[in-house]
Amino acid sequence: MALLNNDPMTQLAFSVYENKGVFAVLIGSGLSRSAEIPTGWEITLDLIRRVAMAQGVAEQPDWAAWYRDKTGGEPNYSSLLEEIASSPEERRSVLHSYIEPTEADRDEGKKIPTSAHLAIAQLVRSGFIRVIITTNFDRLMENALREHGVEPTVISSIDALQGAEPLTHSQCYILKLHGDYKDARILNTDGELSAYPEEYNRLLDRIFDEHGLIVCGWSGEWDHALRSAILRAPNRRYPTYWATRNNLNDGADAIVANKHAKVIRIANADDLFVTLKQRIETLEKTHRQNPLSTELLVGSAKRYLAKPEYRIQLDELFSREMERLLAQLESASLEAHTSWTSIELSERVRLYEAIAEPIARMAGVLGRWGNGDDLGQVLDIIWALYAEAEKVGNGLTVWIGMRSYPAVLVFTAYGLGLTRAQRWQTLHQLFSASLSREYHEPETIVSALFLWSWKGGDNDAWKHYEGLTNRKTALSDHLLELMSEWKSSFIGIEPNYEVLFERFESLGSLACFEENDEADLEKAKAARPNEIFARMPVGRIGWHSSSFKRIEQEFGNEATIQVLLNAGFAKGKRRVFDLFLENFRRAADRMKW
């Protein structure tokens, strides 16, 4: 049996993921049903009820049956609306109350974008969907898109089409075939829906020829012109998927047969689009770069680095990998409006690590074997990643902070490579390099990306990552474990890797400490005889006694002190270094409690 047999939802997710921007979505009134905007059939029954009760008829248990007995015919949305309101302006007024939310509606969560609308908006924002065709009059789709920062091109009349941004240039193109509920030119009746203007037909022919199609919430029964447009489309280069709760009617069946469409059975529209979004996110998260490809990239970096004549190739290698990384950071799985859960945190961390691993390991190679020209290249990478992270200012605070995690990974890997090579001056230059921030004062890299100085480094949040619940230094512990998986590329055989990692973090603590004024440090120390007296992030070495004793001995060695001072640490001043050691010991004493 085929792997995806009887699983059209997964087939759809693969098709949308692998053919980004190719699928158009066709939505009807069923999509807005969970927002308690009634379908055409529900409006029909309500209009029958209102007209009958205005004529003095008592409440009926089945208004459709009453209508059949009364008229001898089937209830029909178009004919009934045409009978009640003879002009487009009147029909617009009749429908307005069914669509426009009142304050009470908003308070109760009615007539606002549904989970389906919001899921489609997220797929649009990430580039998977670009074209939406709708028979709905409401503006729920537009509102959902704007909530996610997407301003759609909306076509609800021939006038709008003539002045609109071209289809190929639009991030999101919404074609409202029946018009907008605030415009009197809406189409309701059988006569109005029997044929479209030629301009609409040309546009539909292009869309159906060039795109795959996802149909949801549209019965295929009432809109003859739309059904004809789908049936006359000659091309089947991309598939059609038809989502339905019930058995298809004759109109939908004809389209499914003509297009060899795959039918997806769903509970409702929310279920379809939320599930589709989640499966596409899963595909993104599992589409980690081939480990062999990563090893080839790291190997190429080593070869180019070994020969000065290959410096151009080395630069191009990093540039290509950066382009790939920046593109992947636009993933829908990483947008900042997603709700907080510990599962989401773990999945998001793994995705960031998967897409940043190649360039972080390559940066570690530069740290270990670079010749002095590498610092500028790595700083360019960190600056670019941080600038990309800063582009998003709205959303959940924890996810906004996490956006700069790739920069943290590059900074950490490069710093460990420098530590392994004992390139102390370059390490200090890395820590103290300025990081520009839009609308904010510049800050050093160590102040922006080191441990809890990093705005994504809140320890309580990182304790929710799987396996870190009871850790005192959750982020530091996780970085140790992660870099131990990557270290073969740039650290090699190192029997005391854990000490090396903690040496790097200790020097990061020193670089943070030296940003304090010396005179202020003296005053603070005197005022707090037994307390921590200066801001200074400390990693796992604070509680890891055996490593602390070893690093403390190193930092007490006169030769080591002089090497670090000459490299620029502690502002080159012995007194600042001694103050750091005292603060370092006090921090460790506190962390051991």
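The values are calculated or read from the model by the stated rules, or taken from the named source; none is laboratory data. Every value quoted in this text rests on a predicted model; they were computed, and no experiment measured them. So basically every Cβ, Gly included, is an ideal-geometry build from the backbone, and we count neighbours across all protein chains shown.
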All positions within the stretch 149-168 that are out of contact with any Ser or Thr (no Cβ under 9 Å at 6 or more places or on another chain) and either surrounded by 20 or more Cβ atoms within 10 Å (Cβ to Cβ) or under 22 Å from Gly30 (Cβ atoms) (or both) = Val154, Ile155, Ser156
Pick from Leu396, Leu375, Leu409: which is over 30 Å from the mean Cα position of the chain (by Cα) and either surrounded by 16 or more Cβ atoms within 10 Å (Cβ to Cβ) or of a type outside the set (S, T, N, Q) (or both)?
-> Leu375
Starting from the stretch 385-407, keep only residues that are polar (S, T, N, Q), then list their pairs with residues that are part of a helix (DSSP H, G or I) whose Cβ atoms are within a distance under 9 Å, requiring at least 6 positions of separation or different chains.
-> Asn394/Ile400; Ser404/Leu385; Ser404/Tyr386; Ser404/Glu388; Ser404/Ala389; Ser404/Glu390; Ser404/Ala448; Ser404/Leu449
Subset of the stretch 126-179 (residues that are under 22 Å from Val392 (Cβ atoms) and acidic (Asp, Glu)) | Glu142, Glu147, Glu151
Considering the stretch 408-444 alone, what residues qualify as being closer than 20 Å to Phe318 by Cβ and in contact with a strand residue (DSSP E or B) (Cβ under 9 Å, 6 or more places away or on another chain)?
-> Ala433, Leu435
Any idea which of Leu451, Leu427 is on the phi > 0 side of the Ramachandran plot, touching a Ser or Thr at 6+ places or on another chain (Cβ under 7 Å) and buried (at least 19 other Cβ atoms within 10 Å of the Cβ)?
-> Leu451
Listed residues Leu296, Leu325; which is modelled with pLDDT of 85 or more and under 27 Å from Gly395 (Cβ atoms)?
-> Leu325
Report, by residue number, each residue of the stretch 211-225 that is over 19 Å from Asn247 (Cα atoms) and modelled with pLDDT of 90 or more.
-> His211, Gly212, Leu213
For the stretch 479-529, which residues satisfy the criterion of being farther than 19 Å from Phe584 by Cα, in a helix (DSSP H, G or I) and without any contact (Cβ under 8 Å) to a residue 12 or more places away in the chain?
-> Glu481, Glu485, Ser488
If you check Arg91, Arg106, which single one turns out to be buried (at least 20 other Cβ atoms within 10 Å of the Cβ), at pLDDT below 85, basic (Lys, Arg) and more than 23 Å from Ile230 (Cβ to Cβ)?
-> Arg91
With respect to the numbered conditions (1) without any contact (Cβ under 8 Å) to a residue 24 or more places away in the chain; (2) in a helix (DSSP H, G or I), which one is the sole condition not fulfilled by Trp452?
-> (1)
Within the bounds of the stretch 458-478, is there any residue that is of a type in the set (S, T, N, Q), in a helix (DSSP H, G or I) and under 30 Å from the mean Cα position of the chain (by Cα)?
-> yes
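Yes or no, residue by residue, for (1) more than 20 Å from Thr294 (Cα to Cα); (2) modelled with pLDDT under 90:
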position	(1), (2)
Asp315	no, no
Leu329	no, yes
Ala332	yes, yes
Trp340	yes, yes
Kindly check whether there is at least one residue in the stretch 530-553 that is over 25 Å from Gly457 (Cβ atoms), out of contact with any Leu (no Cβ under 7 Å at 6 or more places or on another chain) and touching a residue at least 60 places away in the same chain (Cβ under 8 Å).
-> no
Out of the residues in the stretch 418-437 that are charged (D, E, K, R) and at pLDDT 95 or above, state the one that is farthest from Ile561 (Cα to Cα).
-> Arg420
Would a scan of the stretch 40-48 turn up a residue that is buried (at least 16 other Cβ atoms within 10 Å of the Cβ), among the small types (Gly, Ala, Ser) and either in contact (Cβ under 8 Å) with a residue 60 or more places away in the chain or more than 20 Å from Arg68 (Cα to Cα) (or both)?
-> yes
Breaking point among (1) touching a residue at least 24 places away in the same chain (Cβ under 8 Å); (2) in the same structural domain as Leu418 (by TED's automatic domain parsing), for Phe584 = (2)
Restricting the stretch 503-549 to residues that are under 22 Å from Glu443 (Cβ atoms) and among the charged types (D, E, K, R), which is surrounded by the most Cβ atoms within 10 Å (Cβ to Cβ)?
-> Glu505
